[in-house]
Structure formats: structure tokens, C-alpha cells
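Asks: Structure provided below as C-alpha cells; questions to follow.
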Amino acid sequence: MSKLIRLALAAAVAAIALSGAFVPAAALAQTPPAAPAAPAAEPATPAAAAPGAASAPAAPAAGTASTTASGKNEVVIENPYGLQALWRGGDLVARLTLLVLVLMSAGSWYVIVTKVYEQSRMGRQARAAAKKFWGAPTIQKGAESLKKSSPYRFIAESGLEATTKHEGLLGNVDLNTWISMSIQRAIDNVSGRLQDGLALLATVGSTAPFVGLFGTVWGVYHALTAIGIAGQASIDKVAGPVGEALIMTAIGLAVAVPAVLGYNWLIRRNKGCIDDVRSFGADLHAVLLSSQQSPARA
């Protein structure tokens, strides 16, 4: 029986040693036989404290999550450096500058889209003229085979009108010269219509960076004013106005670059359309002169 008590005491000492508790050897020698229950209860204290220790770090984790969540909400809703904050916090000059840039961008994109559509339509009309006009028996029927909105019909009718109005003072002009002048005026009219809107693109492309630069200068002025009022150049005082300045610069460049690229692209496409019109006018001039020599074919 004493051996069992000694084995129990040895197991309790080992448990206490493993749990980090320290019990003097003299106390073990004087412990009565019924004492093993007390040391057995002592190791339970660290074991019971373990869940508390494990649960203690959980509170900071929840606080961090809530802090992170609130931080995200602040970035989305209360961001003082976005476009919404720029509009709300900007004065009358800043808002007018932003509106001017928006109007420039809308106008340039409208011109780009409409001119591309117009040039594509002229390409289809050129193919229709090559297919229908030159296969007609007379110039009059060939012009009537084209759509009324076609510039090729307008040029053909201008040439026909020149042959019928060659009288009076105009009769003193050589017929060849008079027909050539009439067709050239019609071609110049069509070419002028093709150039409509390109001046706006050139204006936007050349002035939009300077409008954005004006907004930049105005934002820097606000930054310097905020520093002077606060008496210190802290980041919270200058970040908003400087951010406003950078946004204005970026918007100015975003407006100017598409306008310049669109202008160069449309000029190149216009050249191809005008070359087709001039070729048609030259062929029409030759046919009109030959038809005057053979009136039955007119």
C-alpha cells in the first residue's frame, strides 16, 4: 500500500514539474498520505487558465477587424481626395474649370464619332457612284441613280448646270474653263464639309492641357493658403489641395490626348475621301466636254 502511495506522489510531482509549478522537497517529505488530492488540484489551475490565455488574443483580433472595416468605409465614403470631394470642396473657379474640361471632352468625342460615320458613308457613296453612275447611258440618268445626299450627285448636277448656264456674260468664258471652275467649286464645297468639326479638335488638343494647368495652379494656391492659415505644412493641410491640382492636370491630359489623336486620324481619312471626289470630278469634266461635242449622249 505504501508503494502505491509513493507512486502516486511521484506522479503528482512529475505533473507539477511539467505544469511549471515548483514544490520544495521538504514539503513532499512531510505531506500526509491523504495529501495527493491537493497537488492533483494544483495542475488543474494552469489547465483551467489555458482557455483564458487562448481566448485573450481573440479580443484584439475582433478589434482589428472592426478597425479595418471602419477604415474601408472611410476610404469609400469619406475619401477627401476623390472626384466627389473635389467637386464638393472646390470653389467656383475650380468647378468652372472642371466643367470646361468636361464640355471639351464631350465635344471632341462627338466630333470624332460623327466624322467617322460621315467618312464611312462617303466611302459607301463612292462605291455606289463607281458602280451606278459610270454605267448609266447619260450623265443626267447617272446623277439620278445616286442618292440626293450623295456628294457625287451634287458634283454631277453642278457640272450639268454649268453646261446649261453658259450664256450671257458667262458665255464669254471658255466652256472648258467654265465647266472646270463649276466642278472645282463643287469639290471645294464637299471638301469644306469634310473639314467641319476638325477645328474644334485642334482647339481642344492645344488648349485642354493649359486649362488643366490652370486648375493645377489654382490647387497649389489653395495648398499655400491652407499652409498659411494652419501655420504648419502638415500633410493633412496640403493633401487635399495638392490632390485637387493633380486631378486637374490628369483631366486636362485625358481631354487633350484623344482630341489630338482623333484630329490626325480624321485628317488622314479625309485625304482619302477628297482624293476620290477629285478623281470623280476629273472624269466628269472629261465626260461633260465630250458630251458637248455629242449632244445626243448628254
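The values are calculated or read from the model by the stated rules, or taken from the named source; none is laboratory data. Since the model is a prediction, treat every value here as computed from it, not as a measurement. Note: ideal-geometry Cβ built from the backbone for every residue, glycine included; neighbour counts use all protein chains shown.
Asks: Criterion first (part of a helix (DSSP H, G or I) and closer than 16 Å to Y263 by Cα) does S108 satisfy it? Write out each step before concluding.
Replies: Details: part of a helix (DSSP H, G or I): yes; closer than 16 Å to Y263 by Cα: yes.
For S108, the condition - part of a helix (DSSP H, G or I) and closer than 16 Å to Y263 by Cα - is met.
Asks: While we're here: I'd like the residue in region 120-155 that is buried (at least 20 other Cβ atoms within 10 Å of the Cβ) and not in a helix (DSSP H, G or I) and, out of all such residues, is farthest from the chain's Cα centre (by Cα).
Replies: L146
Asks: Would you mind stating whether R193 is under 13 Å from G281 (Cα atoms), of a type outside the set (F, W, Y), assigned by TED's automatic domain parsing to the domain that holds M104 and out of contact with any strand residue (DSSP E or B) (no Cβ under 8 Å at 6 or more places or on another chain)? Reasoning before the result, please.
Replies: On the way: under 13 Å from G281 (Cα atoms): no; of a type outside the set (F, W, Y): yes; assigned by TED's automatic domain parsing to the domain that holds M104: yes; out of contact with any strand residue (DSSP E or B) (no Cβ under 8 Å at 6 or more places or on another chain): yes.
It is false that R193 is under 13 Å from G281 (Cα atoms), of a type outside the set (F, W, Y), assigned by TED's automatic domain parsing to the domain that holds M104 and out of contact with any strand residue (DSSP E or B) (no Cβ under 8 Å at 6 or more places or on another chain).
Asks: So, one more: If the Cβ limit is 9 Å and pairs must be 6+ apart or interchain, which residue in region 196-222 that is surrounded by fewer than 16 Cβ atoms within 10 Å (Cβ to Cβ) pairs with which residue that is among the basic types (K, R)?
Replies: Hits for this filter: D196/K115.
Asks: Test T177 against the stated conditions and say whether it is surrounded by 12 or more Cβ atoms within 10 Å (Cβ to Cβ), in the same structural domain as L284 (by TED's automatic domain parsing), within 22 Å of H285 (Cα to Cα) and not charged (D, E, K, R). Reasoning before the result, please.
Replies: Working: surrounded by 12 or more Cβ atoms within 10 Å (Cβ to Cβ): no; in the same structural domain as L284 (by TED's automatic domain parsing): yes; within 22 Å of H285 (Cα to Cα): yes; not charged (D, E, K, R): yes.
It is false that T177 is surrounded by 12 or more Cβ atoms within 10 Å (Cβ to Cβ), in the same structural domain as L284 (by TED's automatic domain parsing), within 22 Å of H285 (Cα to Cα) and not charged (D, E, K, R).
Asks: Okay, next question. Examine region 153-172 for a residue that is basic (K, R), farther than 30 Å from A106 by Cβ and modelled with pLDDT under 90, and state whether such a residue exists.
Replies: Narrowing region 153-172 to residues basic (K, R): 153, 165.
Add one more test, that the residue is farther than 30 Å from A106 by Cβ, and what stays is 153, 165.
When the remaining residues are screened for being modelled with pLDDT under 90, the result is 165.
Scanning region 153-172 turns up at least one residue that is basic (K, R), farther than 30 Å from A106 by Cβ and modelled with pLDDT under 90.
Asks: Given Y110, Y117, which one is surrounded by fewer than 12 Cβ atoms within 10 Å (Cβ to Cβ) and among the hydroxyl-bearing types (S, T, Y)? Full working, then the answer.
Replies: Working: Y110 fails: surrounded by fewer than 12 Cβ atoms within 10 Å (Cβ to Cβ).
Only one candidate passes the filter, namely Y117.
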